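Engineer: I have a structure I would like to understand better, so I am pasting it below and will then ask my questions one at a time.
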Amino acid sequence: LEAVIRLWYIHKAKKVLKKMPNLIKIGITGSFGKTSCKYILNTMLSKKYSVCMSPHSFNTPMGLTKVVLKYLKPYDQILIAEMGANMVGDINYLCNIINPKMGILTAIGSQHLRTFKSLENIKNTKNELIKNLEKVNGYAVFNGDNEGAKELYDKANLEKVYTSLADENASIYAKNIALSETGMTFDIVL
């Protein structure tokens with residue numbers, strides 16, 4: 001009964017998203033850094049757009065369903081969906097709900113190795129976001145400073161960029177980075 005109820009809510013969330021064809025949907029996944037990336041992206045995009053961001057760590061099927069049904073407003077222009085995974089197939093399932101057109105891969109690491117069993121399974125699962133973006137002529141951003149993410153960037157077959165803090169060959173990199181008690185400043189080079 002519980003599984004049927006979950007499917008009903010997921011179906012309801014998909015119907016809401018279908019009624020918003022101009023909504024830009026961005027998926028963020030990675031072994032770490034998802035939540036920080038989501039908050040930074042929300043801060044930047046909210047200056048110009050109406051943005052709905054998955055709050056806290058709502059990054060599961062029911063969490064993202066709740067975001068769509070409770071937090072997403074009809075006037076929102078962008079949905080930022082954090083996508084977590086504990087096993088192979090989890091990101092595919094989340095992409096089936098949200099159908100993102102853009103994605104960010106923060107990093108590949110050994111988190112959840114107990115449930116994934118191997119680093120290769122983690123890499124393949126995080127790459128499920130990229131594979132789903134390829135189906136819709138999507139756009140992906142990769143963390144070029146993470147070896148696993150950079151490896152997936154090299155293999156990806158879609159419009160893509162990678163970012164870096166130091167690699168001046170990156171599509172986007174930072175320079176003149178300065179930390180102080182009041183925050184951080186840096187220049188972004190495109």
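Engineer: Hey, among the residues in segment 166-190 that are open to solvent by less than 80 Å² (accessible area, probe 1.4 Å), among the hydroxyl-bearing types (Ser, Thr, Tyr) and part of a strand (DSSP E or B), which one's modelled with the highest pLDDT?
Structural biologist: Looking at residues that are open to solvent by less than 80 Å² (accessible area, probe 1.4 Å), among the hydroxyl-bearing types (Ser, Thr, Tyr) and part of a strand (DSSP E or B), I get 180.
Engineer: Under 6 Å between Cβ atoms, which residue pairs at least 6 apart in sequence (or on different chains) link something in segment 149-165 that is closer than 12 Å to residue 131 by Cα with a partner that is part of a loop (DSSP other than H, G, I, E, B) and open to solvent by less than 40 Å² (accessible area, probe 1.4 Å)?
Structural biologist: If the second residue must be part of a loop (DSSP other than H, G, I, E, B) and open to solvent by less than 40 Å² (accessible area, probe 1.4 Å), the pairs left are 158/138.
Engineer: Between 130, 108, which is within 22 Å of residue 84 (Cβ to Cβ), assigned to a loop (DSSP other than H, G, I, E, B), at pLDDT 90 or above and not aromatic (Phe, Trp, Tyr)?
Structural biologist: Result: 108 is the single residue among 130, 108 that is within 22 Å of residue 84 (Cβ to Cβ), assigned to a loop (DSSP other than H, G, I, E, B), at pLDDT 90 or above and not aromatic (Phe, Trp, Tyr).
Engineer: Right, something else. Within segment 85-106, identify whether any single residue is touching a residue at least 60 places away in the same chain (Cβ under 8 Å), under 16 Å from residue 30 (Cα atoms), surrounded by fewer than 21 Cβ atoms within 10 Å (Cβ to Cβ) and of a type in the set (A, V, I, L, M), and answer yes or no.
Structural biologist: Scanning segment 85-106 turns up at least one residue that is touching a residue at least 60 places away in the same chain (Cβ under 8 Å), under 16 Å from residue 30 (Cα atoms), surrounded by fewer than 21 Cβ atoms within 10 Å (Cβ to Cβ) and of a type in the set (A, V, I, L, M).
Engineer: Evaluate segment 119-128: report whether one residue or more is within 13 Å of the chain's Cα centre (by Cα), more than 22 Å from residue 57 (Cβ to Cβ) and surrounded by 16 or more Cβ atoms within 10 Å (Cβ to Cβ).
Structural biologist: no
Engineer: Moving to a separate point now. Among the residues of segment 146-165, count how many are under 18 Å from residue 40 (Cα atoms) and open to solvent by 50 Å² or more (accessible area, probe 1.4 Å).
Structural biologist: 1
Residue-wise test of (1) more than 11 Å from the chain's Cα centre (by Cα); (2) open to solvent by 30 Å² or more (accessible area, probe 1.4 Å).
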| site | (1), (2) |
| --- | --- |
| 22 | yes, yes |
| 27 | no, no |
| 33 | no, yes |
| 39 | yes, yes |
| 45 | yes, yes |
| 54 | no, no |
| 61 | yes, yes |
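Engineer: Run down 25, 73 and say which single residue is without any contact (Cβ under 8 Å) to a residue 24 or more places away in the chain and more than 17 Å from residue 126 (Cβ to Cβ).
Structural biologist: On the way: 25 fails: without any contact (Cβ under 8 Å) to a residue 24 or more places away in the chain.
Only one candidate qualifies: 73.
Engineer: Across segment 133-145, what is the number of residues that are open to solvent by 60 Å² or more (accessible area, probe 1.4 Å) and in a loop (DSSP other than H, G, I, E, B)?
Structural biologist: Step one: list which residues in segment 133-145 are open to solvent by 60 Å² or more (accessible area, probe 1.4 Å), which gives 135-137, 139, 145.
From what's left, in a loop (DSSP other than H, G, I, E, B): 136-137, 145.
The total comes to 3.
Engineer: Of all the residues that make up segment 71-105, how many are within 15 Å of the chain's Cα centre (by Cα) and not in a loop (DSSP other than H, G, I, E, B)?
Structural biologist: 18
Engineer: Let me ask you something else. Scanning segment 146-165 for residues that are of a type in the set (S, T, N, Q) and not in a loop (DSSP other than H, G, I, E, B), which turns out nearest to the chain's Cα centre (by Cα)?
Structural biologist: The extreme case among them is 163.
The values are calculated or read from the model by the stated rules, or taken from the named source; none is laboratory data. Remember, it's a predicted structure, so these values are computed and weren't measured experimentally. Cβ coordinates were reconstructed from backbone atoms using ideal geometry, including for glycine residues, and neighbour counts include every protein chain displayed. With ligands, DNA and RNA removed, areas are computed over all heavy atoms of the protein, side chains included. Shrake-Rupley method; radii C 1.70, N 1.55, O 1.52, S 1.80 Å.
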